[in-house]
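The values are calculated or read from the model by the stated rules, or taken from the named source; none is laboratory data. This one's a predicted model, so the numbers in the text were calculated from it and none came from an experiment. Here Cβ is always computed from backbone atoms with ideal geometry, including for glycine, and neighbour counts include all displayed protein chains.
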Amino acid sequence: MIRIYTDGSCLGNPGAGGWAAVLVDEQNHREEIYGGAEHTTNNRMELTAAIKALEKISVGASVELFTDSNYLKNAFTNGWLVKWKSNGWKTATKSPVLNKDLWQELDRLISSRTVKFNWVKGHAGNYFNERCDELAHSTAGKFQRGVLKNPTERGTETPPPTTETIRRGQLSLFDL
């Protein structure tokens with residue numbers, strides 16, 4: 001089983017954001033991926049981290065995903081996503097579901113993989129969660145300082161993430 005650790009960060013909410021994921025295969029080889037956006041929200045970064053990580057995993061794979069975001073975890077473990085879809089992407093109060101585009105992409109990715117969601121307390125010493133936090137926060141800082149910029153059209157509220165990848169070890173289980 002492949003383990004994925006994810007985190008999102010936002011300096012201001014909305015503000016400059018970063019996301020990160022650490023993917024660990026059965027032989028404990030790992031890959032770190034991260035990116036961000038100039039203007040976004042923390043929840044969008046949390047969801048983007050999971051999307052980008054799952055995109056690296058082969059269809060049909062078994063995954064254990066660890067997140068410190070109850071927003072992400074509860075959508076799957078408490079049936080929120082199923083309810084939103086059956087309500088036409090509306091919440092129980094009939095409000096439109098926020099981040100619908102990202103939820104739809106996550107739903108598509110999860111439908112072709114076996115994913116178990118786990119919550120991990122943030123900033124509590126879990127090595128991989130702390131590493132994700134460090135990468136996401138650092139990337140958000142680069143966007144905030146203007147070191148990184150998104151190549152997007154003017155007026156786009158939340159531009160697509162920019163991805164930088166660091167590879168460690170051999171990751172034969174991932175589609176690189």
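Numbers at a glance
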{"quantity": "Check on residue 100, touching an Asp or Glu at 6+ places or on another chain (Cβ under 6 Å), surrounded by fewer than 18 Cβ atoms within 10 Å (Cβ to Cβ) and at pLDDT 95 or above", "calculated": "no"}
{"quantity": "Test set (1) over 10 Å from the mean Cα position of the chain (by Cα); (2) surrounded by 19 or more Cβ atoms within 10 Å (Cβ to Cβ) - residue 11 fails condition number", "calculated": "(2)"}
{"quantity": "Unique match (being buried (at least 19 other Cβ atoms within 10 Å of the Cβ), part of a strand (DSSP E or B) and either of a type in the set (Asp, Glu) or touching a residue at least 24 places away in the same chain (Cβ under 8 Å) (or both)) among 65, 54", "calculated": "65"}
{"quantity": "Residue match in the stretch 89-98 (condition: closer than 21 Å to residue 30 by Cβ and within 17 Å of the chain's Cα centre (by Cα))", "calculated": "no"}
{"quantity": "Residue among 171, 148, 65 that alone is touching a helix residue (DSSP H, G or I) at 6+ places or on another chain (Cβ under 7 Å), within 16 Å of residue 33 (Cα to Cα), aliphatic (A, V, I, L, M) and modelled with pLDDT under 95", "calculated": "148"}
{"quantity": "So residue 1, is it touching a Cys at 6+ places or on another chain (Cβ under 8 Å), in contact (Cβ under 8 Å) with a residue 40 or more places away in the chain and of a type outside the set (Gly, Ala, Ser)", "calculated": "no"}
{"quantity": "Residue list for the stretch 14-35, restricted to those being crowded, with 24+ Cβ neighbours inside 10 Å and of a type in the set (S, T, N, Q)", "calculated": "none"}
{"quantity": "Verdict on residue 116 being under 17 Å from residue 47 (Cα atoms), modelled with pLDDT of 95 or more and within 14 Å of the chain's Cα centre (by Cα)", "calculated": "no"}
{"quantity": "Filter pass, residue 85 being farther than 17 Å from residue 54 by Cβ, basic (Lys, Arg), out of contact with any His (no Cβ under 7 Å at 6 or more places or on another chain) and exposed (fewer than 12 other Cβ atoms within 10 Å of the Cβ)", "calculated": "no"}
{"quantity": "Residue among 99, 118 that alone is within 16 Å of residue 37 (Cα to Cα) and in contact with a helix residue (DSSP H, G or I) (Cβ under 9 Å, 6 or more places away or on another chain)", "calculated": "99"}
{"quantity": "Search result, residues across the stretch 105-121 that are outside any helix (DSSP H, G or I) and either of a type in the set (D, E, K, R) or under 17 Å from residue 3 (Cβ atoms) (or both)", "calculated": "113, 114, 115, 116, 117, 118, 119, 120, 121"}
